[in-house]
Amino acid sequence: MKVALVNPPRFRGVPVIREDRCEITDRGSVVPPYSLIQIASQLNHDVWVIDANGKNMGMNEVADALRKIEPDVVVIRFTPTTFDNDMKVAEVAKKLSSTTVGMCWTLIPFAHEILKTSPLDYYVVGDYEVCVSNLIDAIEVGENKMQGVAYLGDGEFIVDWSSPAFDYDSLPLPAYDMIAPLSNYYINTPHGSPFTIMYTSKGCPYSCIYCTVRRTKWKGRSAESILSELRILKKIYNVRTVSFFDEIFTFDRNRVVELCERILKEDIKLRWYCNTRVDKVDFELLRLMRRAGCRGISFGVESGSNEILKRAKKGATVEEAEEAVKNAKKAGIKTYLSFMFGLPGESWESVNETIEFVKRVKPNGAQFNIAVPYPGTELYEECVKRGYVGKIMNWRELYQHKAILRTEQMSKEELEKARLMAYRSMYFNPRWILSNALWVMREPEELPLAIKYYVKSLKNYFIHRMEHAH
Ligand code: SF4
């Protein structure tokens with residue numbers, strides 16, 4: 001069979017990240033379609049990867065490419081806010097009589113509505129790492145029993161929510177050759193290209209009420225499996241920067257220690273970044289991570305108010321966040337903090353606590369979003385109960401820069417105002433600018449990156465008013 005895996009075009013010119021829980025428009029990053037190249041490496045069919053987002057192809061170019069291929073199956077990644085844009089690829093595929101398969105983590109609870117209202121024949125609701133290749137094999141032989149897949153049979157919604165068990169170490173390495181060169185890709189600024197994202201683990205057992213990954217089993221790859229990918233990225237693709245996209249990279253401390261020690265022993269020179277929780281790092285670990293190439297960590301802090309964190313079931317405190325930032329800085333690792341306004345209980349008082357927290361800890365960068373009631377989360381259920389959103393909401397509105405819910409004390413307009421206020425109080429704070437300048441003086445190779453980051457941030461603030469993620 002001929003199979004085309006498509007990462008659709010950008011959204012009104014803005015790049016889109018369509019990877020696992022991260023399904024957002026982001027003006028500052030062009031991320032490789034990791035999930036699609038991972039699927040590509042597993043398929044025993046003729047495979048094409050069309051990364052329209054990465055190559056900045058328009059819809060007409062995608063249509064031309066598909067017409068040339070005449071694929072039997074077209075697999076499309078889509079996101080909530082870019083839904084109509086992404087579905088145009090499915091429309092083209094249907095005109096070519098291809099079978100269409102959709103993948104989007106955030107909208108899985110709305111699989112039925114999506115299938116009823118889109119040109120998709122199948123929606124993958126299980127682990128794509130195994131479910132997509134099984135589905136395509138099943139389509140080839142006309143079978144209908146598939147784990148982790150939803151579809152409409154004679155108008156009736158048929159779904160199997162289960163996924164076959166599998167071991168991440170047993171997966172083949174992603175087919176990077178299908179999207180090379182990796183110099184097209186970057187996160188925040190093109191400074192660190194060639195660049196890629198990769199996963200060393202998936203899942204998170206914590207219970208944050210706003211999160212679509214909450215209470216999923218953490219599954220990690222072994223140090224050897226991660227190293228085998230890093231070696232190839234370095235040797236064949238000349239990659240300089242890697243961003244580990246895991247939810248909690250340091251969940252298993254021993255694994256990170258082994259990985260870092262082996263990176264040092266093998267002298268794999270890469271700059272890498274990761275995401276983790278503030279209560280999952282300590283100074284010793286951070287120091288080792290820095291020696292092994294870690295240059296930045298993104299921590300989900302969410303709020304400077306312990307009361308808000310408690311109601312959000314974050315399971316971490318403001319004090320722990322402060323300690324983590326302090327230790328990371330001491331170890332020489334940059335910190336990027338994510339916050340959200342609009343969690344239950346948010347008021348001007350808690351907004352100010354967040355702003356004061358940022359002023360106090362002075363991270364290298366921060367992102368301020370507005371809480372989004374993603375379907376299936378506890379926050380969504382709460383919003384439905386309060387009448388803030390409908391049971392089937394318009395998922396095209398799920399932007400992180402625009403409020404679609406209010407809190408007891410703050411209106412939507414006030415939440416949007418608070419977000420801009422928080423950015424303003426960081427970008428124009430002379431102490432924050434000075435702390436970054438001092439950092440650059442200690443690490444002069446960071447200078448071009450720091451300048452580009454600051455210029456980009458100001459442009460986003462003044463020209464785009466911080467629309468989309470930045
Ligand atoms: S710790 Fe992070 S990934 Fe885990 S549930 Fe909370 S927000 Fe989600």
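The values are calculated or read from the model by the stated rules, or taken from the named source; none is laboratory data. Note that the coordinates shown come from a computational prediction; the quantities given were computed from them, not determined experimentally. As a convention, Cβ positions derive from the backbone with ideal geometry for all residues, glycine included, and neighbour counts pool all protein chains shown. Each accessible area value is taken on the protein alone, full model and side chains, heavy atoms only, with ligands, DNA and RNA left out. Shrake-Rupley method; radii C 1.70, N 1.55, O 1.52, S 1.80 Å.
For the range 180-462, the solvent-accessible area of protein heavy atoms averages 42 Å² per residue (probe radius 1.4 Å; ligands and nucleic acids excluded).
Kirkwood's formula applied to the C-alpha pairs of the range 305-376 gives a hydrodynamic radius of 13.0 angstrom. Packing here is the average count of other Cβ atoms within 10 Å per residue, and on that basis the peptides 156-167, 112-123, highest first, run 112-123, 156-167.
Quick one: of 269/334; 95/391; 55/334; 235/362, which pairs are farther than 25 Å apart, Cα to Cα? Show your work: numbers first, answer last.
Details: 269/334 18 Å; 95/391 33 Å; 55/334 30 Å; 235/362 37 Å.
Pairs exceeding 25 Å: 95/391; 55/334; 235/362.
Couplings 3J(HN,Hα) of the range 251-262, computed from phi: 4, 9, 4, 4, 5, 5, 4, 4, 4, 5, 4, 6 Hz, in residue order, whole Hz [Karplus 6.51 cos²θ - 1.76 cosθ + 1.60, θ = phi - 60°; x for Gly and Pro]. Temperature 37 °C, viscosity 0.692 mPa s: under these conditions the Stokes-Einstein estimate for the range 137-180, based on its Kirkwood radius over C-alpha pairs, is 246 µm² per second.
Given a 1.4 angstrom probe, I'd like the percentage of the accessible area of the chain that is carbon and sulfur, rounded to a whole number. Show your work: numbers first, answer last.
Numbers: 9710 of 18920 Å².
Carbon plus sulfur share of accessible area: 51 percent.
Close amide H pairs (under 5 Å, H built 1.01 Å from N) link residue 99 with 73, 74, residues at least 5 positions away or on another chain.
Peptides 104-111, 90-97 ranked from most to least packed give 104-111, 90-97, packing being the mean of other C-beta atoms within 10 angstrom over each peptide's residues. Think of the chain as having a plus end and a minus end, set by charges on the Cβ of Lys, Arg, Asp and Glu; of 63, 399, 457, 457 sits farthest toward the positive end of this dipole. Computed from backbone phi with θ = phi - 60° and the Karplus coefficients 6.51, -1.76 and 1.60, the 3J(HN,Hα) list for the range 429-444 is 8, x, 5, 5, 4, 5, 5, 6, 5, 5, 4, 5, 5, 6, 10, x Hz; x is used for glycine and proline.
Beyond 39 Å, what share of the Cα-Cα pairs of the chain is found? Please give it as a whole percent.
Numbers: 21456 of 110215 pairs.
Roughly 19 percent, rounded to a whole number.
How far, in degrees from 0 to 90, does helix 412-427 lean away from the longest principal axis of the Cα atoms of the chain, to the nearest 10? Tilt of helix 412-427: around 60 degrees. For the chain, what does -39500 (n - 2.57) per DSSP helix run (n ≥ 4), summed and divided by total residues, give at 222 nm, in deg cm²/dmol to the nearest 500? Calculated at 222 nm, the ellipticity per residue is -11500 deg cm²/dmol. Rounded to the nearest 20, the size of the Cβ-charge dipole of the range 62-209 about its Cα centre is 460 debye, with Lys and Arg at +1 and Asp and Glu at -1. Taking the Cα centre of the range 123-258 as the origin and placing charges on Cβ (Lys, Arg +1; Asp, Glu -1), which of 158, 174, 193 is farthest toward the positive end of the dipole? Result: 193. Taking every protein chain into account, the accessible area of the range 2-160 amounts to 35 square angstrom per residue (probe 1.4 Å).
Please identify the trypsin sites (Lys or Arg not before Pro) of the range 376-470 that satisfy two criteria: DSSP loop assignment and at most 14 other Cβ atoms within 10 Å. Which are they? Don't jump to the answer; show the numbers that get you there.
On the way: sites: 385, 386, 391, 396, 402, 406, 412, 417, 419, 424, 431, 442, 452, 456, 459, 465; in loops: 391, 402, 406, 465.
Sites meeting the loop and neighbour criteria: 391, 465.
Near residue 106, no amide H atom lies under 5 Å from its own; only residues 5 or more places off or on other chains count, and H is placed 1.01 Å from N. Amide H to amide H, with H built 1.01 Å from N, residue 302 comes under 5 Å of 338, 339, 340, counting only residues 5 or more places away or on other chains. When cysteine pairs in the chain are screened for C-beta atoms closer than 4.7 angstrom, the residues that find no partner are 22, 104, 131, 204, 260, 274, 294, 383.
With +1 on the Cβ of every Lys and Arg and -1 on the Cβ of every Asp and Glu, and nothing else charged, how large is the dipole of the range 281-405 about its Cα centre, in debye rounded to the nearest 20?
Numbers: 20 positive and 16 negative charges, 118 e Å.
Approximately 560 debye in magnitude.
When +1 charges are put on Lys and Arg Cβ atoms and -1 charges on Asp and Glu Cβ atoms, the dipole computed for the chain relative to its Cα centre reaches about 1740 debye.
Between helix 59-69 and the chain, what is the angle of the helix's C-alpha long axis to the longest principal axis, kept within 0 to 90° and rounded to the nearest 10? On a 0 to 90 degree scale, this one is about 40. Rounded to whole Å, give me the distance from the Cα center of the range 248-322 to that of the range 399-470. That distance is 22 Å.
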